[in-house]
Amino acid sequence: MHFTKMHGAGNDYVYVDCFRDTPPGELSQLARDVSDRHTGVGADGLILIEPSELADARMRIFNADGSEAGMCGNGLRCVAKYLYDHDIARKSQLTIETGSRCVTVDVEMRDGLVERARVDMGAPILASAEIPTTLPGDPPVNVLLDVDGETYPVTCVSMGNPHCVLFVEAITDELVTGLGPRLEHHVAFPQRANVEFVHVVSVNEIEMRVWERGSGETRACGSGACAAVVAGVLCERLERSVAVHLPGGDLDVEWDASGSVFLAGPAVEVFAGEWP
């Protein structure tokens, strides 16, 4: 199997061009094998770029633990780059099928290759039953959540996958790697949750670290950046256009008047190879 390693702001995946190749074996196990950073290629997961009857391509996402995910904003930018750079769909606006809908991605070129992309992530899902979470509110905003006897104010939204956002004065390892997995698996989230720890720098700028469902801490999360900005607007902490600083790089998020959330950032091809 030929693969390409790509990343968006440090959120890295192994990509397989299913227009030209067929992944071997069972996909969940393949994702676990290639994602292992000691014995595999090393990645936050596996993304398949497949033919689609509805769009230029279909994206399927498998987390590092082998579970299948519904959305990945950084992955969408990289899929768009691959489609353009590898002559599958060489146009400035691409459509990519993911989950139950099609997403549009506008690409920016440099020296004939895609350098950045802007994704229309669609409107956030705010109904608690659809996020899904058992917490009260549509959406739950600043709801106190009990975790092993301690309470934390959380705001929950979905960007095609469930997110639990916490605004904190300082983002620490204790929060991200200690509280993060406990929130991911909390009974309030029947499909688990991605967990964002957010420090507000100003109404137009935040710092963030993410504990991702099925992958652990990642250097960036596109849907998480979108969820954090939506949560910040709902909590009256942020305006609708925000620069998001993550360990792997910066992303720009805008929740515009149409209701859609737009995510912009880099897309980088690192190397290609053969597996196994």
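Looking at region 1-56, which of its residues are of a type in the set (Gly, Ala, Ser), buried (at least 16 other Cβ atoms within 10 Å of the Cβ) and under 15 Å from Gly214 (Cβ atoms)? Write out each step before concluding.
Initially, region 1-56 is screened for residues of a type in the set (Gly, Ala, Ser), giving 8-10, 25, 28, 31, 35, 40, 42-43, 45, 52, 55.
From the residues that got through so far, the ones that are buried (at least 16 other Cβ atoms within 10 Å of the Cβ) too are 8-10, 31, 35, 40, 43, 45, 55.
Those that are of a type in the set (Gly, Ala, Ser), buried (at least 16 other Cβ atoms within 10 Å of the Cβ) and under 15 Å from Gly214 (Cβ atoms): Ala31, Ser35, Ala43, Gly45.
For Ser92, are the conditions met, namely being over 18 Å from the mean Cα position of the chain (by Cα) and without any contact (Cβ under 8 Å) to a residue 60 or more places away in the chain?
Details: over 18 Å from the mean Cα position of the chain (by Cα): yes; without any contact (Cβ under 8 Å) to a residue 60 or more places away in the chain: yes.
Yes.
Among the residues of region 87-111, which ones are open to solvent by 70 Å² or more (accessible area, probe 1.4 Å) and in a strand (DSSP E or B)?
Of everything in region 87-111, those that are open to solvent by 70 Å² or more (accessible area, probe 1.4 Å) and in a strand (DSSP E or B) turn out to be Gln93, Arg101, Glu108, Met109, Arg110.
Of the residues that sit in region 207-235 and are more than 17 Å from the chain's Cα centre (by Cα) and hydrophobic (A, V, I, L, M, F, W, C), which one is nearest to Phe167 (Cα to Cα)?
Cys235
Say we look at region 137-149 and pick out the residues that are in a loop (DSSP other than H, G, I, E, B), open to solvent by 40 Å² or more (accessible area, probe 1.4 Å) and not aliphatic (A, V, I, L, M); which of these is nearest to Leu166 (Cα to Cα)?
Taking region 137-149 and keeping what is in a loop (DSSP other than H, G, I, E, B), we get 137-142, 148-149.
Filter once more, so that each one left must be open to solvent by 40 Å² or more (accessible area, probe 1.4 Å): 138, 141-142, 148-149.
Still in the list and also not aliphatic (A, V, I, L, M): 138, 142, 148-149.
Numbers: Asp138: 17, Asn142: 9, Asp148: 17, Gly149: 17 Å.
Only one residue tops the list, namely Asn142.
Of everything in region 239-251, what is surrounded by fewer than 17 Cβ atoms within 10 Å (Cβ to Cβ) and within 10 Å of Asn204 (Cα to Cα)? Give them in sequence order.
Once the filter is applied, which keeps residues that are surrounded by fewer than 17 Cβ atoms within 10 Å (Cβ to Cβ) and within 10 Å of Asn204 (Cα to Cα), region 239-251 yields Glu239, Arg240, Ser241, Ala243.
On the basis of being more than 30 Å from Thr95 (Cα to Cα) and of a type in the set (A, V, I, L, M), does Leu126 make the cut? Full working, then the answer.
On the way: more than 30 Å from Thr95 (Cα to Cα): no; of a type in the set (A, V, I, L, M): yes.
It is false that Leu126 is more than 30 Å from Thr95 (Cα to Cα) and of a type in the set (A, V, I, L, M).
Evaluate region 162-169: report whether one residue or more is of a type in the set (A, V, I, L, M, F, W, C), surrounded by fewer than 20 Cβ atoms within 10 Å (Cβ to Cβ) and either in a loop (DSSP other than H, G, I, E, B) or at pLDDT below 95 (or both). I'd like the intermediate steps shown before the answer.
So in region 162-169, the residues of a type in the set (A, V, I, L, M, F, W, C) come out as 164-168.
Cutting the leftovers down to surrounded by fewer than 20 Cβ atoms within 10 Å (Cβ to Cβ) gives us 168.
Still in the list and also either in a loop (DSSP other than H, G, I, E, B) or at pLDDT below 95 (or both): 168.
Checking region 162-169: at least one residue is of a type in the set (A, V, I, L, M, F, W, C), surrounded by fewer than 20 Cβ atoms within 10 Å (Cβ to Cβ) and either in a loop (DSSP other than H, G, I, E, B) or at pLDDT below 95 (or both).
Mind checking which residues of region 21-76 are touching a Pro at 6+ places or on another chain (Cβ under 7 Å) and more than 24 Å from Leu263 (Cα to Cα)?
Across region 21-76, the qualifying residue is only Leu30.
Would you check if there is a residue in region 176-184 being open to solvent by 10 Å² or more (accessible area, probe 1.4 Å) and either at pLDDT below 95 or part of a loop (DSSP other than H, G, I, E, B) (or both)?
No: region 176-184 contains no residue that is open to solvent by 10 Å² or more (accessible area, probe 1.4 Å) and either at pLDDT below 95 or part of a loop (DSSP other than H, G, I, E, B) (or both).
For region 18-34, how many residues meet the condition of being closer than 18 Å to Glu269 by Cβ and within 20 Å of the chain's Cα centre (by Cα)? Before you say what the answer is, go through the steps one by one.
Restricting attention to region 18-34, the residues satisfying the condition of being closer than 18 Å to Glu269 by Cβ are 18-21, 34.
Subsequent filtering for residues that are within 20 Å of the chain's Cα centre (by Cα) retains 34.
Residues meeting the conditions: 1.
Inside region 112-129, can you point out the residues that are open to solvent by 50 Å² or more (accessible area, probe 1.4 Å) and assigned to a helix (DSSP H, G or I)?
Residue satisfying the conditions is Ala129 alone.
Suppose we filter Tyr152, Tyr84 for residues that are outside any helix (DSSP H, G or I) and either among the aliphatic types (A, V, I, L, M) or open to solvent by less than 60 Å² (accessible area, probe 1.4 Å) (or both); which single one remains? Don't jump to the end; show me each part of the working.
Working: Tyr84 fails: outside any helix (DSSP H, G or I).
That would be Tyr152, the only listed residue that is outside any helix (DSSP H, G or I) and either among the aliphatic types (A, V, I, L, M) or open to solvent by less than 60 Å² (accessible area, probe 1.4 Å) (or both).
The values are calculated or read from the model by the stated rules, or taken from the named source; none is laboratory data. Not measured: the values here are computed from a predicted model. FYI the Cβ positions are ideal-geometry reconstructions off the backbone, even for glycines, and counts take in every protein chain you see. The protein model used for the area step is the full one, side chains on, heavy atoms only, and it has no ligands, DNA or RNA in it. Shrake-Rupley method; radii C 1.70, N 1.55, O 1.52, S 1.80 Å.
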